[in-house]
Amino acid sequence: MNTSTTKDNPSKLWDRKDTILIVVSTLLFVLASLFYPRLPDQVISKFDLNGNPTRTMDKWAFWLLYGGLAILLPIVIKMTRNLDPRKSNYLLFESTFQLSRWAVVLFIHFIFGFGIAYNLGYPVSMNMALSLGLGILWIIIGNRMGRIRFTYFMGIRTPWTLASEEVWRKTHRFGGKCWFVGGLLMIVASLFPASYFLVTFIPVLLLSTIIPTIYSYMLYRKGFKS
């Protein structure tokens with residue numbers, strides 16, 4: 001009997017990898033909670049595209065949002081996988097699924113960590129943090145996007161990728177390159193003043209969404225149909 005298969009079966013509703021992710025995320029949240037008493041009752045929670053604070057919220061609500069995203073989001077992602085009619089396809093890119101989930105969770109901790117530092121009075125730039133964090137996240141996902149197989153909850157889901165597995169495959173290979181380049185641009189932008197975030201983020205957003213969508217439509221029209 002293969003004991004590793006029985007102990008860690010990714011097709012199960014819940015397995016060891018899920019537990020490890022939740023435990024690590026919870027520990028990071030507990031570690032951050034050491035700074036909770038030092039935060040003001042009202043914390044800055046939103047910034048404009050130039051990096052200026054625009055909104056505050058109660059400290060307890062900020063902490064509830066942080067914990068909810070860091071701990072509950074990876075659980076929700078796993079649940080959507082189990083609900084996917086094509087959930088068997090996840091086994092074909094299991095490492096990519098796990099890496100993406102870790103990347104999203106660590107991104108959340110990264111951004112909230114900078115938010116905590118800002119509210120404690122440290123001279124940090126939230127635009128720099130967001131640009132750097134998104135850039136790394138984009139590169140990680142873009143580098144693995146070509147491995148994502150046909151599913152309903154993950155990947156570039158357009159009417160044309162969902163209508164043809166060949167369009168899906170080609171679009172994700174192309175889209176992965178777009179995301180990778182976009183990630184590099186955001187990392188470079190993080191080295192410049194906060195105003196560069198707006199100049200970079202909108203083109204990267206278009207590069208990551210609109211261009212792959214148009215590409216999938218063009219492929220479908222060329223005859224790459226099921």
Check: Do we have any residue at all in the range 165-185 that's within 30 Å of residue 35 (Cβ to Cβ), touching a Leu at 6+ places or on another chain (Cβ under 6 Å) and not hydroxyl-bearing (Ser, Thr, Tyr)?
Finding: no
Checklist line | Residue among 69, 92, 99 that is under 21 Å from residue 135 (Cα atoms), out of contact with any Cys (no Cβ under 7 Å at 6 or more places or on another chain), surrounded by fewer than 17 Cβ atoms within 10 Å (Cβ to Cβ) and touching a residue at least 12 places away in the same chain (Cβ under 8 Å) | finding: 99
Next item on the list: Run down 45, 25 and say which single residue is in contact with a Pro (Cβ under 7 Å, 6 or more places away or on another chain) and either of a type outside the set (A, V, I, L, M, F, W, C) or surrounded by fewer than 12 Cβ atoms within 10 Å (Cβ to Cβ) (or both).
Entry: 25
Next item on the list: Output the residue which, of all residues in the range 76-89 that are within 17 Å of the chain's Cα centre (by Cα) and surrounded by 15 or more Cβ atoms within 10 Å (Cβ to Cβ), is farthest from residue 130 (Cα to Cα).
Entry: 81
Notebook entry, point to check: Out of the residues in the range 148-172 that are of a type in the set (D, E, K, R) and farther than 24 Å from residue 201 by Cβ, which is surrounded by the most Cβ atoms within 10 Å (Cβ to Cβ)?
Noted result: 149
Next item on the list: Run residue 60 past the list (1) among the aromatic types (Phe, Trp, Tyr); (2) free of Cβ contacts under 8 Å to residues at least 24 places away in the same chain; (3) surrounded by 13 or more Cβ atoms within 10 Å (Cβ to Cβ) and report the number of the one that doesn't hold.
Entry: (3)
Note to self: Let me confirm something: among 157, 169, which residue is within 23 Å of residue 90 (Cα to Cα) and within 18 Å of the chain's Cα centre (by Cα)?
What the structure shows: 157
Notebook entry, point to check: Does any residue in the range 21-49 that is of a type in the set (Val, Ile, Thr) come within less than 9 Å, Cβ to Cβ, of a residue that is not in a helix (DSSP H, G or I) six or more places away or on a different chain, and which pairs are these?
Noted result: 43/56; 43/57; 43/58; 44/53; 44/54; 44/55; 44/56; 44/57
Notebook entry, point to check: Based on what the data block shows, is residue 213 at pLDDT 95 or above and either in contact with an Asp or Glu (Cβ under 6 Å, 6 or more places away or on another chain) or polar (S, T, N, Q) (or both)?
Noted result: yes
Notebook entry, point to check: Across the range 21-61, what is the number of residues that are in contact with a Lys or Arg (Cβ under 6 Å, 6 or more places away or on another chain), assigned to a strand (DSSP E or B) and within 14 Å of residue 114 (Cα to Cα)?
Noted result: 3
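The values are calculated or read from the model by the stated rules, or taken from the named source; none is laboratory data. The model shown is predicted, which means the values in this text are computed figures rather than measured ones. Cβ atoms come from the backbone with ideal geometry, glycine included; neighbour counts cover every protein chain shown.
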